[in-house]
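Engineer: I'd like to ask some things about the structure below.
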């Protein structure tokens, strides 16, 4: 039985691995402007709450308790609702209220998670009965992170990040995260700058790209994940975008170095940044690392969180 209101939890995600193989090619062998990637993505317990309420009129109302979140069609949650209303005309409008916990512009897929929650919530509210595959197809029209955010957990992602192979979930791993509130990094800028600096090293043909994927280092990390070897997971963290983001943003580099000094299992920037995270095997270790980073960097603009890995994506509350 469908209801007129729904509350959903939308977890953030971090990248345990992000490697750039080369330019992505279309069927005619031309670059389509995207990158061919190898990523391992992981959901964490830092999460937004999305409240949906059915409206009697055919419109979308969007509210958010974070003043910097746009409330128009530039917001992915708004676009998710508009896409559903386009695909399934004649159904009621919706009021969307986002309670933000995931920092914005952080490389943690907060906008994608919110959009995924809207897709799930409207499927339930309108009693559409969509399969996970159908929801992921809709999500892929909104952004390459949305399909992952729908199911969540742990996944190997290829292509633009939309070719997903979900893995057994990882739990009981803790993560310390830090981000400067006023600092954001443009994802397009990060990839374009990487292309400008390192395109000469790209794999140029499908065969070369396939070989590069197999040599990417994902195999050793996947083995560590399968064995639940937390220490090895920490040692195998890789993010190619650090090569352009850290030199351009010294604050992020210093934050990374400060976390690195806290005896954590592994430290890395997530996605295109500027969030940096470190892995710990206990909540106490994570809390201690957070306190030490706070003492070392006495900047009120720096926000810090402790979360843990979770094995789910969008969840009904």
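Engineer: Looking at residue 36, is it closer than 22 Å to residue 148 by Cβ and not in a loop (DSSP other than H, G, I, E, B)?
Structural biologist: yes
Engineer: Here's another thing I want to ask about it. Consider residue 175 carefully, then state whether it is under 18 Å from residue 17 (Cα atoms) and buried (at least 21 other Cβ atoms within 10 Å of the Cβ). Don't jump to the end; show me each part of the working.
Structural biologist: Numbers: under 18 Å from residue 17 (Cα atoms): yes; buried (at least 21 other Cβ atoms within 10 Å of the Cβ): yes.
Criteria met by residue 175.
Engineer: So how many residues does the stretch 132-153 have that are surrounded by 23 or more Cβ atoms within 10 Å (Cβ to Cβ) and within 27 Å of residue 285 (Cβ to Cβ)?
Structural biologist: 1
Engineer: Does residue 118 satisfy the condition of being in contact with a helix residue (DSSP H, G or I) (Cβ under 8 Å, 6 or more places away or on another chain) and modelled with pLDDT of 95 or more?
Structural biologist: yes
Engineer: Could you say whether any residue in the stretch 225-232 is on the phi < 0 side of the Ramachandran plot, surrounded by 13 or more Cβ atoms within 10 Å (Cβ to Cβ) and touching a helix residue (DSSP H, G or I) at 6+ places or on another chain (Cβ under 7 Å)?
Structural biologist: Yes, the stretch 225-232 contains at least one residue that is on the phi < 0 side of the Ramachandran plot, surrounded by 13 or more Cβ atoms within 10 Å (Cβ to Cβ) and touching a helix residue (DSSP H, G or I) at 6+ places or on another chain (Cβ under 7 Å).
Engineer: From the set of residues in the stretch 159-172 that are surrounded by fewer than 17 Cβ atoms within 10 Å (Cβ to Cβ) and more than 19 Å from residue 231 (Cβ to Cβ), which is modelled with the lowest pLDDT?
Structural biologist: Among those residues, the one meeting the criterion is 159.
Engineer: Here's something else I'd like to know. Answer yes or no: is there a residue in the stretch 45-66 that is in contact (Cβ under 8 Å) with a residue 60 or more places away in the chain, in a strand (DSSP E or B) and over 21 Å from the mean Cα position of the chain (by Cα). Give the steps one after another, and end with the answer.
Structural biologist: Looking only at the stretch 45-66, we keep the residues that are in contact (Cβ under 8 Å) with a residue 60 or more places away in the chain, and these are 45-50, 52, 54.
Of the ones still in play, those that are also in a strand (DSSP E or B) are 45-50, 52, 54.
Those left that are additionally over 21 Å from the mean Cα position of the chain (by Cα): 52, 54.
Scanning the stretch 45-66, I find at least one residue that is in contact (Cβ under 8 Å) with a residue 60 or more places away in the chain, in a strand (DSSP E or B) and over 21 Å from the mean Cα position of the chain (by Cα), so the answer is yes.
Engineer: Looking at 235, 257, which is the one that is at pLDDT 95 or above, surrounded by fewer than 17 Cβ atoms within 10 Å (Cβ to Cβ), outside the structural domain of residue 42 (by TED's automatic domain parsing) and within 21 Å of the chain's Cα centre (by Cα)?
Structural biologist: Values: 257 fails: within 21 Å of the chain's Cα centre (by Cα).
Of the residues listed, the single one that is at pLDDT 95 or above, surrounded by fewer than 17 Cβ atoms within 10 Å (Cβ to Cβ), outside the structural domain of residue 42 (by TED's automatic domain parsing) and within 21 Å of the chain's Cα centre (by Cα) is 235.
Engineer: Scan the stretch 272-295 for residues that are in contact (Cβ under 8 Å) with a residue 24 or more places away in the chain, exposed (fewer than 15 other Cβ atoms within 10 Å of the Cβ) and under 13 Å from residue 262 (Cα atoms) and report the count.
Structural biologist: Residues in the stretch 272-295 being in contact (Cβ under 8 Å) with a residue 24 or more places away in the chain, exposed (fewer than 15 other Cβ atoms within 10 Å of the Cβ) and under 13 Å from residue 262 (Cα atoms): 0 in total.
Engineer: Has the stretch 111-127 got any residue that is within 14 Å of residue 85 (Cα to Cα), out of contact with any strand residue (DSSP E or B) (no Cβ under 9 Å at 6 or more places or on another chain) and not in a helix (DSSP H, G or I)? Step through it out loud before you land on a result.
Structural biologist: Initial filter on the stretch 111-127 (within 14 Å of residue 85 (Cα to Cα)): 115, 118-127.
Now narrow it down to the ones that are out of contact with any strand residue (DSSP E or B) (no Cβ under 9 Å at 6 or more places or on another chain): 119, 123, 127.
Right, trim to not in a helix (DSSP H, G or I) and you get 127.
Taking every residue of the stretch 111-127 in turn, at least one turns out to be within 14 Å of residue 85 (Cα to Cα), out of contact with any strand residue (DSSP E or B) (no Cβ under 9 Å at 6 or more places or on another chain) and not in a helix (DSSP H, G or I).
Engineer: Examine the stretch 87-110 for a residue that is within 14 Å of the chain's Cα centre (by Cα), part of a strand (DSSP E or B) and under 24 Å from residue 240 (Cβ atoms), and state whether such a residue exists.
Structural biologist: So far as the stretch 87-110 goes, no, none of its residues is within 14 Å of the chain's Cα centre (by Cα), part of a strand (DSSP E or B) and under 24 Å from residue 240 (Cβ atoms).
The values are calculated or read from the model by the stated rules, or taken from the named source; none is laboratory data. Note that the structure is a prediction, hence the values are computed from the model and not measured. Please note: Cβ atoms are built from the backbone with ideal geometry, for glycine as well, and neighbour counts cover all protein chains shown.
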